[in-house]
Structures are given as structure tokens and as C-alpha cells.
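Asker: There's a structure below that I have some questions on.
Where a number appears in this text, it was derived from the coordinates with a stated rule and is not lab data. Computed from a predicted structure; not experimentally measured. Ideal geometry is used to build each Cβ from the backbone, glycine not excepted, and the neighbour counts take in all protein chains shown.
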Amino acid sequence: MSSSIPRITGYRTIGLKRGNGPNVTSSTNTDTLIEVHTDAGLVGWGSSYTSKDLVDASLALLREQIIGEVAIEPERVSEKLHQRTYWTGRGGSVTHAISGLDIALWDILGKQTGQPIGRLLGGRYREKIKPYGSLIFAEPGLLRDRLLAAKGRGFRAFKLGWGPFGRESDAYDELLVKTARETVGDDCEIMVDPGGSVQFWPHGLKWALRTADMLANYGVVWFEEALPPDDIEGYRELRRQARLFISSGEVLTRRQSFRPWIESGAVDIIQPDVTKVGGLSEARRIAWLAYEHNILTVPHGFNTAVGVAADLQFVSALPNARWIEYITPSPLIENILATPFVLDSDGMVSIPDGPGLGIELSVAGLKEQALTEG
């Protein structure tokens, strides 16, 4: 193998645990890091929003197409893998695994060239961006405590999701939103995600329209996943009538799935997840199509530190980006970085300007959060 052009010699996967106890296994974890090695000694990191078992199986399927490949051509390599897996992939776990591999190859390309990924994606439009603290709804007292704690950690934007919202009554939903607004004040942004992608979501367009109107009265920025993820007609009508932004897209993979949502005007904000859609290579194509249709891109990121770093590089290279998602608190973000991300007094986070993803992982932190093998 040529020493002047780095080639892939191997990889390993690290399943991460969000919780503790015997129920956290390699089959139930939802975050897997992929470490890619090259014959030049360069190492790249990626993150996949899929269990380690499924990532391992997917990479075994792809192994002959990965080993020996040029490690600094992420778009070509990823597209080859997509093309070779029409019958066994085209979405789902195989695409999720390719996503993590793609991010790792972009990291390697950045390290090879000495440039942050955002510059290699076309150039940096910004040096900072606002992360919104991603929190789960709870009863009013606990919700207030969670919001105050997140605000104390520096966040000035908050997305509240799932929990009891949309599960009890319209009056209770309004109480939760009223509590949130009174807690964080009028100078902070609030977004709401009831979790319409959950199995057997019970609500339709009329509930979404009523709820959107209530949310707009409290200055909520956007209403996310208000309907089941295949109800594109419902989303079109919701967007047409709602006074606040409508967002969706976190369950979609590959650009082909996003195209009808963007081209038909079903959303104000599209939310590709770089750890699911096919990596940075695929996400950038989705985002630029959205830009051509005057739609904002906010990457979905229920994520790891590697995923957050990828999102930061991604949005740095987009003119149509304003926020990134950031779970708070999260040991999969803070605990596995040698130098954790820091929010400034305005609630903004700087985009790393070092080579590749621009981060260094903590060996001790990774060991602590990794699944116990065996």
C-alpha cells in the first residue's frame, strides 16, 4: 500500500451506555463509536446512532469494500458503500453504520490536510453556534428544576420533548409550556417535540393545529415531530396553517427520503441526523437542497461528543443553520472528551478549528462509558 495516500487498514467499534445496570447491553445501547485506522498512522472517529451489535453486523457486510480503500475520499467511499448495499441496506442499520464510517473518514481527511472538516465541506460561515439543551418533559416541579439546572450550565435555548406532553390533556400540555416559559424567561428560546415518531402516536392534524396555536402563544420557536413520520400530507397542511416553525426528519435516511419533504414544502426546518442519514457526505447534500428551498437545517443530535463535533463542523459550513441539539446533562458528551465543550455568556459554543473534528477523546472517559464486553 502507498504511504503517500492513506488507506484503511482496520476499524473497531465501541458501544456506549447511556444508563447503568444489567439492562444496558450491546443490543440495547443506541450509540456506537467507530474508530478507523490507516497505514499512515492516522486515526479517525465517527459516531453511529445504532447498537453495537447492528453496527458490527453492518460493517462485517461491508468489510471487503472498506479495507484497503483510500481513507481521504469520504464522499466517494460512502457512495460506493451505499451503491453496493441496495439489497441489504438502503436505510436502517447499514446506512447508520456507513454514517459513522463516513464521519471517521472526514476526520482523517481533516487530519491529513491540517484543516477542520467545515472548511473541507466548502468553508466556514460561522465560528460559533447556539446549542439548545435537549430535555425530557416532566411534571411541572421537576421540569422547572431541569430547566434551571440547564440554564445554570449556560444554555439559553431549550428543547422539551416526549414525557407526558401529548399524553394527558391539552390543558396539561399548556401548563407544562407555561411553566417552561415562566422558568426560563422571555429572553430564552423554547422548542417543543412531543415525539410523534413514537410507536402508535395517537394524534392527528387537528390536535397538531390546536397545539401549534397554543405553542405560538408562548413564543415557542418550533414544533417538532408533531405527527407520525410518514404523514407528509399532514405536515404540509400543518406548516401552511401554523404560526411557528414546523420541523421533522430525524427518522429519515439518505437524501432520497428527504427530497419530497423539502421539495413539497412540508417543513420549515429539516433535521437530518449525521449519525444516521449517511454521515456528513449525505447530510451536506440534504442541507444544500434545503437551502435552495429556503428551509433551515437543524441537525438532529441525540448524540455523543463525536456526533456533536460532527454537527458543529456540519453547521459551520452551512448558510442556513442557527442551532445544534445538545443533550444535557450527558456523560456521552462531557465525560468522553479530553477538553469538554464550553458555552459562553451568550449561550453559544465555539466550533473547533483544529484538524478534522477538532476534538480529542478521553481514554479514561471512554472506558467508563463503554459497554462491558463479554
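Asker: Can you tell me what share of the DSSP beta bridges in the chain is antiparallel? A percent to the nearest 5 is fine.
Answerer: Beta bridges within the chain, antiparallel portion: roughly 45 percent.
Asker: Quick check: the distance between the Cα centres of region 53-76 and region 337-358, to the nearest angstrom?
Answerer: What the calculation gives is 29 Å, centre to centre.
Asker: Determine the relative contact order of the chain: mean sequence separation of Cα pairs under 8 Å and six or more apart, normalised by residue count, in whole percent.
Answerer: Dividing the mean separation by the residue count of the chain yields 20 percent.
Asker: Please report, ordered by residue number, every helix of the chain (full DSSP H runs) that is 24 Å or longer along its axis going by C-alpha atoms and whose mean Kyte-Doolittle hydropathy reaches -1.0.
Answerer: Length and hydropathy pass: 92-113.
Asker: Along the charge dipole of region 109-179, pointing to its positive end and built from +1/-1 on Cβ of Lys, Arg, Asp and Glu, which listed residue (Ala150, Pro116, Gly163) has its Cα farthest out?
Answerer: Among Ala150, Pro116, Gly163, the one farthest towards the positive end of the dipole of region 109-179 is Pro116.
Asker: Run down the lysines and flag those whose C-alpha is under 16 Å from the C-alpha of Lys276, throwing out any fewer than 8 positions away in its chain.
Answerer: By straight Cα distance, Lys276 reaches Lys52.
Asker: Lysines near Lys206 by alpha-carbon distance under 27 Å, same-chain residues fewer than 8 away left out - which ones?
Answerer: Here the lysines satisfying the reach criterion relative to Lys206 are Lys159, Lys178.
Asker: Considering only DSSP states other than H, G, I, E and B, which trypsin sites (Lys or Arg not before Pro) in region 242-336 qualify as loop sites with at most 13 other Cβ atoms within 10 Å?
Answerer: The qualifying sites are Arg243.
Asker: Here is a follow-up. With +1 on each Lys and Arg Cβ and -1 on each Asp and Glu Cβ, and nothing else charged, work out how big the dipole of the chain is about its Cα centre, in Debye to the nearest 20.
Answerer: 400
Asker: Let me ask something else. Taking Cα centroids, how far is region 178-242 from region 253-292 in Å?
Answerer: Computed from Cα coordinates, the inter-centre distance equals 20 Å.
Asker: Reachable aspartates and glutamates from Lys151, Cα under 16 Å, same-chain residues fewer than 8 places away excluded?
Answerer: Glu182, Asp186, Asp187, Glu189, Glu325, Asp344, Asp346
Asker: List the residues, sorted by chain then number, that are 5 or more residues from Tyr326 or on another chain and whose placed amide H is less than 5 Å from its amide H.
Answerer: Tyr132, Ser134
Asker: Over region 8-116, calculate the relative contact order: mean separation of alpha carbon pairs under 8 Å at least 6 apart, over the residue count, as a percent.
Answerer: It comes to 30 percent, rounded to a whole number.
Asker: List the GluC sites (Glu not before Pro) in region 325-374 that DSSP assigns to loop (not H, G, I, E or B) and whose Cβ has at most 15 other Cβ atoms within 10 Å. Which are they?
Answerer: When the GluC sites (Glu not before Pro) of region 325-374 are filtered for loop state and at most 15 Cβ neighbours within 10 Å, Glu360, Glu373 remain.
Asker: Stretch Ile5-Asp187 to full length: gain in nm at 0.36 nm per residue minus the Cα-Cα span?
Answerer: In short, 60.4 nm is gained.
Asker: Neighbouring Cβ atoms within 10 Å as the yardstick, rank Val94, Val267, Val43 fewest first.
Answerer: Result, fewest neighbours first: Val43, Val94, Val267.
Asker: With a cut-off of 8 Å between alpha carbons and a minimum separation of six or more residues, what is the relative contact order of region 80-164 in percent?
Answerer: In percent, rounded to a whole number, it is 23.
Asker: Output ³J(HN,Hα) for region 125-139: one whole-Hz value per residue in order, computed from phi by the Karplus curve 6.51 cos²θ - 1.76 cosθ + 1.60 with θ = phi - 60°, and x for Gly and Pro.
Answerer: The phi angles translate into 8, 7, 10, 9, 8, 8, x, 9, x, 8, 10, 8, 4, 8, 4 Hz.
Asker: What is the fewest-to-most order of Tyr86, Tyr132, Tyr11, Tyr125 by other Cβ atoms lying within 10 Å of their Cβ?
Answerer: Ascending number of Cβ neighbours within 10 Å: Tyr86, Tyr125, Tyr11, Tyr132.
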